[in-house]
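The values are calculated or read from the model by the stated rules, or taken from the named source; none is laboratory data. What you see is a predicted model; the values in this text were computed from it and never measured. Note that we place each Cβ from the backbone using ideal geometry, even for glycine, and neighbour counts take in every protein chain shown. Each accessible area value is taken on the protein alone, full model and side chains, heavy atoms only, with ligands, DNA and RNA left out. Shrake-Rupley method; radii C 1.70, N 1.55, O 1.52, S 1.80 Å.
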Amino acid sequence: MPAPVLVLTEDSLKRESGTKVHRANIQASKAVADIIRTTLGPRSMLKMLLDASGGIVVTNDGNAILRELDLAHPAAKSMIELSRTQDEEVGDGTTSVIILAGEMLHVAEAFIDRNYHPTVICRAYNKALEDAIAVLDKIAMPIDVKDRGTMLGLVKSCIGTKFTGQFGDLIADLAIDATTTVGVDLGQGLRDVDIKKYIKVEKVPGGQLEDSRVLKGVMINKDVVAPGKMRRKIVNPRIILLDCPLEYKKGENQTNAELLKEEDWTVMLKMEEEYIEDLCMQILKFKPDLVITEKGLSDLACHYLSKHGVSAIRRLRKTDNNRIAKACGAVIVNRPDELQESDVGTGAGLFEVKKIGDEFFAFIVDCKDPKACTVLLRGASKDLLNEVERNLQDAMSVARNIIKNPKLVPGGGATELTVSSALKQKSSSIEGIEKWPYEAAAIAFEAIPRTLAQNCGVNVIRTMTALQGKHANGENAWIGINGNTGAITDMKENKIWDAYNVKAQTFKTAIEAASMLLRIDDIVSGIKKQAPPGAGQGPSKPKIETEGDADNEQILPD
């Protein structure tokens, strides 16, 4: 008998294969799902996380929790990716994605024990996904984006599960105001909302949450350059935005100038002054009231501007400058000599500098048709503000989704139950071995309403049987759980809704991820880089540093 051939070096590798891997992956995913299971629904618990730098995060946003976790298991890591994808794509439903994927894997475990081939299970899952989306299309109802009441109800039901749900309409109002302000028509009835670029959230600790508001314009954390001389309140300002320094240009590299006569020195200084004066005069030709530049502004330029009663702000962030341009209709100009009348922003109604807390903020507000805005959040503590900001992000994403795709599905677990009962009925017509995993996928959808019921603390089994009974004959797709009381109610009357594309994305992401994790049958870990020779002689003694050699420390190679 020939000696066995060693393909993989044994000592450095850990290799698991076959059902062992499936079990491990399923266990890991379930563990991740269990971490955030309690954060689903209006009666959800908060999690407190300590991050590496010692700061604390208090949140119940699925993505925010998982982002902070440091996991070793590869399958668990890919579960975390899920909630991140969901957050980037639609901004809401980060918790449900994980719970659903965890459940899908959990029901698959029974089949793997019976030696089903993973591909069979995946095929059944994909079939179930297609049918689930078809059911969604059937029960979705279109809405009118212009109708503010509907929008408010919708955004509210999405933040009802969050920490700020207790402040009533406050956050929902902010989110709708902000997103409708910056929406851009693309034609053909499509609207696009760029949350990241044009909505800035300024968190200012202090005051009450009720003082938060959406400004019809922009606010920046800057004061005018010379507070004593320049006006701090201008009504209907003419604004010029620059992206060049208003100071004397220095040579690119070291420049030497030889001066032969003493007067040449004064001539040279004069030239510099004239250059700056020239720049300022080009700007002042347009009679602006406010000049904002992204770069520096010299004392001399400041003097010229303040002499003509022009306020100036310098060293502004590029993103802020873009927002101001969008808000007041100005064009950012690169060189003062290229200024035109059309570049001056006249859309703003008021420029003023206010002191909030102990910092100065410049407000450019009351704009005519702003395409950018700032949401000013006030609150007692930093942690509270961070959580409110996260909720606001979610709320704005939901509002954006609705503006993009104005269709609704019922919330409160009703959608999942409808999908589940439809799939159960359909499973009887499926032939062959795929029938069982298909049916299991149908049952897995019930994880969401079940978790909702668990979090309200009602009798889970009784509630679930009652709900399944109501959905089994398929007459009313809108029956679900009221997350606050745990009562079985009609979601249409309670205005508990979800955005269609949030739900669709949740289902797709969860099932696709489950299929991917099921297909893994081999984990090879520990493919090490070649260790440098002489590294493996066993642990060397720790070297104790004395005071003497603290100065000539060796820098350790990375």
If you check E263 against the conditions, is it outside any strand (DSSP E or B), touching a Phe, Trp or Tyr at 6+ places or on another chain (Cβ under 7 Å) and acidic (D, E)?
no
Answer with yes or no whether K47 is surrounded by fewer than 14 Cβ atoms within 10 Å (Cβ to Cβ), modelled with pLDDT of 80 or more, basic (K, R) and more than 22 Å from M396 (Cβ to Cβ).
no
Within the range 184-220, how many residues turn out to be part of a loop (DSSP other than H, G, I, E, B), of a type in the set (G, A, S) and modelled with pLDDT of 75 or more?
3
Members of the range 301-318 that are open to solvent by 50 Å² or more (accessible area, probe 1.4 Å) and closer than 17 Å to P245 by Cα
H303, R314, R315, R317, K318
Is it the case that L152 is in a helix (DSSP H, G or I) and either in contact with a Ser or Thr (Cβ under 7 Å, 6 or more places away or on another chain) or modelled with pLDDT of 90 or more (or both)?
no
Of the criteria (1) within 17 Å of C158 (Cβ to Cβ); (2) crowded, with 16+ Cβ neighbours inside 10 Å; (3) not basic (K, R), which one N484 fails
(2)
Taking the stated definitions as given, is K307 under 30 Å from A380 (Cβ atoms) and free of Cβ contacts under 8 Å to residues at least 60 places away in the same chain?
no
Count of residues meeting criterion [free of Cβ contacts under 8 Å to residues at least 12 places away in the same chain and aliphatic (A, V, I, L, M)] in the range 64-112
1
Among (1) part of a loop (DSSP other than H, G, I, E, B); (2) open to solvent by 40 Å² or more (accessible area, probe 1.4 Å), where does K492 come up short?
(1)
K368 vs. criteria in a strand (DSSP E or B) and either more than 28 Å from K295 (Cβ to Cβ) or open to solvent by 40 Å² or more (accessible area, probe 1.4 Å) (or both):
no
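Results for (1) in contact (Cβ under 8 Å) with a residue 24 or more places away in the chain; (2) of a type outside the set (D, E), shown as yes or no for each residue.
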| residue | (1), (2) |
| --- | --- |
| K261 | no, yes |
| E274 | no, no |
| P288 | yes, yes |
| V291 | yes, yes |
| H303 | no, yes |
| K326 | yes, yes |
| V333 | yes, yes |
If only one of W478, W497 is open to solvent by less than 40 Å² (accessible area, probe 1.4 Å) and in contact with a Ser or Thr (Cβ under 6 Å, 6 or more places away or on another chain), which one is it?
W497
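Yes/no per residue for (1) without any contact (Cβ under 8 Å) to a residue 24 or more places away in the chain; (2) open to solvent by 100 Å² or more (accessible area, probe 1.4 Å):
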residue	(1), (2)
E210	no, yes
V214	no, no
G228	yes, no
P237	no, no
C244	no, no
T255	yes, yes
E258	yes, yes
V267	yes, no
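Based on this model, can you work out whether E272 counts as farther than 23 Å from S342 by Cα and exposed (fewer than 13 other Cβ atoms within 10 Å of the Cβ)?
Numbers: farther than 23 Å from S342 by Cα: yes; exposed (fewer than 13 other Cβ atoms within 10 Å of the Cβ): no.
No: the conditions fail for E272.
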For the range 113-144, the count of residues that are in a helix (DSSP H, G or I) and open to solvent by 10 Å² or more (accessible area, probe 1.4 Å) equals 16
Residue among R462, R450 that alone is on the phi < 0 side of the Ramachandran plot, of a type in the set (K, R) and more than 32 Å from the chain's Cα centre (by Cα)
R462
Restricting to the range 418-462, count the residues that are closer than 27 Å to A140 by Cβ and of a type in the set (K, R).
3
